[in-house]
Each structure stands twice: as structure tokens, then as C-alpha cells.
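> Next up is a structure, given as C-alpha cells.
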Amino acid sequence: MTTREAVLLKPFERPEYAYQKLSRCRGCGAYTVLREEECPACHKRKLIPIEEEAAARARQSMWFERLVVLVFGAAAVYFAGEDVPLLALALGGGILSLVLLWRVQLRMLPGQRLRRLAQLFEREGDRVIHGLMEDREDAIAVFRSGDKPRTYEMLREIGYLMRTDPIKMEQVLLLQTFILRKDMDLMLEPLLMDQFNVDLAAYIGEIARLRKDLIKEKTLRYVMVHEAQFRRMEDGEEILTLVASAAVRRARYVKLYPHLLLRYAHRLPRDRFMRLYRIIAERPAAYRDELVAETYRVYKEKYQS
């Protein structure tokens, strides 16, 4: 049995979009999600967030457009010669064009920034993937040095963009070496894999015990799809009971996953069962007849007296 260690994990920053984790080096063009001061490839202090790089490119393009308008305006002034009305018209038209262009560009800047961002990913997608793989190699090197918490934090950052089963598996295996606590910044849904995994199943059980609020629809779907494999585990029934206990947290889950609760209602702790009973007793017609009947049967058998 693996000896678990007590650890402190840094809180995880969850931006609105996963790509906001990504930084690009202006020196060598390498990508990384590990927020270091130096580029891991060239070791220069030229890392900037990918959004800033896209914004800089958008502004650069806009300055070029302004320069073009300025050149045309200057040419108009030049060819106006000494004709004062024509000169005034050319000068006024050039200034007005610049002002109008500047105002239009201000409105278009958010869209231009997104367009430049899309172009970056399209042109440099392979470099982004290469950068993430290099980050993973750095995480493995840290693991070999013995710093498991830092390794997990690095993999957590990488996994926010590279959502592959191997990266998820590495995070789950590391989490299984820690003493997990309720106050930790834990996650579950980003670690769900395509296939059944025993270590992930055990981790789901721990989360269901510590942080019922993290058991949501994706996890419940995963459990239902792989219920047979859960049941074959030594403590599979206990894990499924914990998940069912967490599902009782919301009436919506009771409605969506009646078969899970139907099979484990008799195993629920008293407080969780009574919550299930109250949810169903309020609107029995809203739930599956089999679940209603089983809930009333367990209540009569175990708690009515």
C-alpha cells in the first residue's frame, strides 16, 4: 500500500478560456503554460501571455493601416501644390480619414485580437503542442527530483490545455499519493477519462466523501457508463454508495439518474436517505415510479418507526 503524504497545493487559477494559460517567448517563439519568469527553451525573460502577443500583432497591423492613410494624405497635400482650397481640402480630408480610421479600429480591436489569436494557433499549432510536451518533460524531471506536489501543480497547468488521458492519469496517480483534505483546491471533471480506470474510480470515491459539490453530471454519467467495472472493485459498492449520496444533493440529479439511486437507496447514510425521501415526497409524480416505490419501502423498513 502506498504511503500517503500531507502536502500543500497552490490554489489553481481558472481563467475563462484555457488558452489564457499559454505564454509565448518573443525571443525564440517557444510556448509554455508554466508561469516562469524565464523561457524554458532559451532562458530569456521574454515570455508574454498569448493574448498580449495577439493584441500586439493586432495593434501593429492597425499602425500599418494608419501609416498607409497618412502616406495617401501626405501625397494629396503634396499634389495640391499652392492651390489653397485644394490644399485645405486634402489636409482636412487626411485628418478626417485618420480620425475615422482610429475610431473604427478602436471598435474592431477585440475582434482583431481574436482573429490574430486564431491565426497564431493555426500557424503555430505544432509549436504549441511541442511546448506543452516540453513542459511535461520538465514536470517529469521535477518528479524525479522528489517534489511530487510541484509535479502535480505543473501537470495540472499542462492538463488544462492538453486534455489527454495520459496527462489525466499522471495527475490521478499523484493525487493518490497525497492525503486529500476538504480544504484543498481539488478538481474532478477535468480528470475524467474516456475509458474506465481503477485509480480514477478510487479518486471519485474520495471526492464523493470529501467534496460532494464536485460530483456533477459528467461524473455521474461516467459512473453510470462504467457501473459494472465499479462493482467489480473490492470497494466498488462503497464508492457507488458515496456517489449516490452526493447525487442526492440536487433534485435534478435524482431525476436524471434514478437507477443509481434505486440500487443504492438502501445503503445511503440516514441523513442522505432522508434528503432523498424529502425530495421525492414533495413531488412524487416527478420521479420514476420504481424509485418512488423503493424510497418509500426503505423508509418504512428502516426509518418510519
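No lab work stands behind these numbers, since they all come straight from the coordinates. Remember, predicted model here, so these are calculated numbers, not experimental data. Here the Cβ positions follow ideal geometry from the backbone for every residue, glycine too, while neighbour counts run over all protein chains shown.
> List residues of region 1-29, by number, whose backbone nitrogen lies under 13 Å from a label position 7 Å along Cα→C-beta of ILE179.
3-8
> Here is a follow-up. Can you give the relative contact order of region 4-51 as a percent, counting alpha carbon pairs under 8 Å and 6+ residues apart?
Dividing the mean separation by the residue count of region 4-51 yields 33 percent.
> Here's a follow-up. Distance cut-off 26 Å, Cα to Cα: go down the list LYS255/LYS302; LYS44/LYS168; LYS21/LYS168; LYS182/LYS302; LYS148/LYS216 and report the pairs above it.
In this structure, LYS44/LYS168; LYS182/LYS302; LYS148/LYS216 lie more than 26 Å apart at Cα.
> Largest first and to the nearest Å, give the Cα extent of region 112-235 along each principal axis.
For region 112-235, the Cα extents along the three principal axes come out at 50, 35, 27 Å.
> Roughly how many whole Å is it from the C-alpha centroid of region 181-210 to that of region 20-49?
Centre-to-centre distance over Cα atoms comes out at 31 Å.
> Between ILE140 and LEU214, what FRET efficiency comes out of the Förster formula 1/(1 + (r/R0)^6) with R0 = 30 Å and r the beta carbon distance, rounded to 0.05?
Working: r = 27 Å, r/R0 = 0.91.
Computed FRET efficiency for LEU214 and ILE140 comes out at 0.65.
> Now for a different question. Residue separation times 0.36 nm, minus the C-alpha to C-alpha distance between ARG221 and LYS255: what's the value?
So the extension gain works out to 10.9 nm.
> Counting Lys +1, Arg +1, Asp -1, Glu -1, what net charge surrounds ASP235 among other residues with beta carbon under 14 Å of its beta carbon?
-1
> Dividing the alpha-carbon Rg of region 160-215 by 2.2 N^0.38 Å yields what?
Working: Rg = 10.7 Å, N = 56, 2.2 N^0.38 = 10.2 Å.
Scaled against compact globular proteins, the figure is 1.05.
> Averaging the inverse of every distinct alpha carbon separation and then flipping it gives the Kirkwood radius. What is it for region 198-287, in angstrom units?
Computed over Cα pairs of region 198-287, the Kirkwood hydrodynamic radius comes out at 13.0 Å.
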